[in-house]
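A short worksheet on the structure shown next.
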Amino acid sequence: MPQPRIRHIAICVFSHQGKILVNAFPDAVKQQTLFRPLGGGIEFGEHSADAIVREIREELDLPIHDVRLLGTLESLFTYLGKPGHEFVQVYDAQFSDLRVYDQCGLEGHESNGDRIQAQWRDSESLRRDGVLVPEGLHEMLRSLSLLE
């Protein structure tokens, strides 16, 4: 069994008109839907902002610009019954293709081949339909007036 480790990840909310872009995934153990912005692991020698640009290109095949750091969260969590620990660099950015904002959602793929079905969600729909993760993200975005 591998030794538990702290992951360093970067995520991007892509705030637009009171909504953020998130991927939904179930936690069958907790019987709830979790919503997390797109992003992923920061590679050794890579700046976290560069990781966001790379991850979005890999996952959605879309260019982005105006990448800006919103803050950092430390996340201690349990997912599918297993403990996790992450340091999360939270970013906002803009899609270069403005037509993306008119779509209800975006399809893509994780590096392991899993399908991504990203959705634009506002604060109310996030609370009603599941939980926004990592913990503290909703409060951070509210304090920056990016979500209600």
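Values in this text are rule-based calculations from the coordinates and carry no lab data. Being a predicted model, the structure only gives us computed values, none of them experimental. Quick reminder, even Gly has a Cβ in these numbers, built from the backbone with ideal geometry, and neighbours come from all protein chains shown.
If you place +1 on the Cβ of every Lys and Arg, -1 on the Cβ of every Asp and Glu, and leave all else neutral, what size is the dipole of the chain about its Cα centre, to the nearest 20 Debye?
Working: 15 positive and 23 negative charges, 76 e Å.
Taking the Cα centre of the chain as origin, the dipole is about 360 debye.
Pairs of alpha-carbon atoms within less than 8 angstrom and 6+ residues apart define the contacts here; what relative contact order does the stretch 46-148 have, in percent?
Details: 122 pairs, mean separation 23.2, N = 103.
Answer for the stretch 46-148 is 23 percent.
The sum of -39500 (n - 2.57) across all DSSP H runs of n ≥ 4, divided by the residue count of the chain, sets its helix-only mean residue ellipticity at 222 nm to -5000 deg cm²/dmol. For mean projected area of the Cα convex hull in nm², the listed values are (i) 14.3; (ii) 15.0; (iii) 8.9; which was obtained by calculation from the structure presented? Structure-derived value, by its label: (iii).
Between the amide H of Lys30 and those of Leu80, distances stay under 5 Å, these residues lying 5 or more places away or on another chain, with hydrogens modeled in the peptide plane. Selection among Gly40, Leu21, Leu126 by position relative to the dipole of the chain gives Leu126 as farthest towards the positive end (Cβ unit charges, Cα centre).
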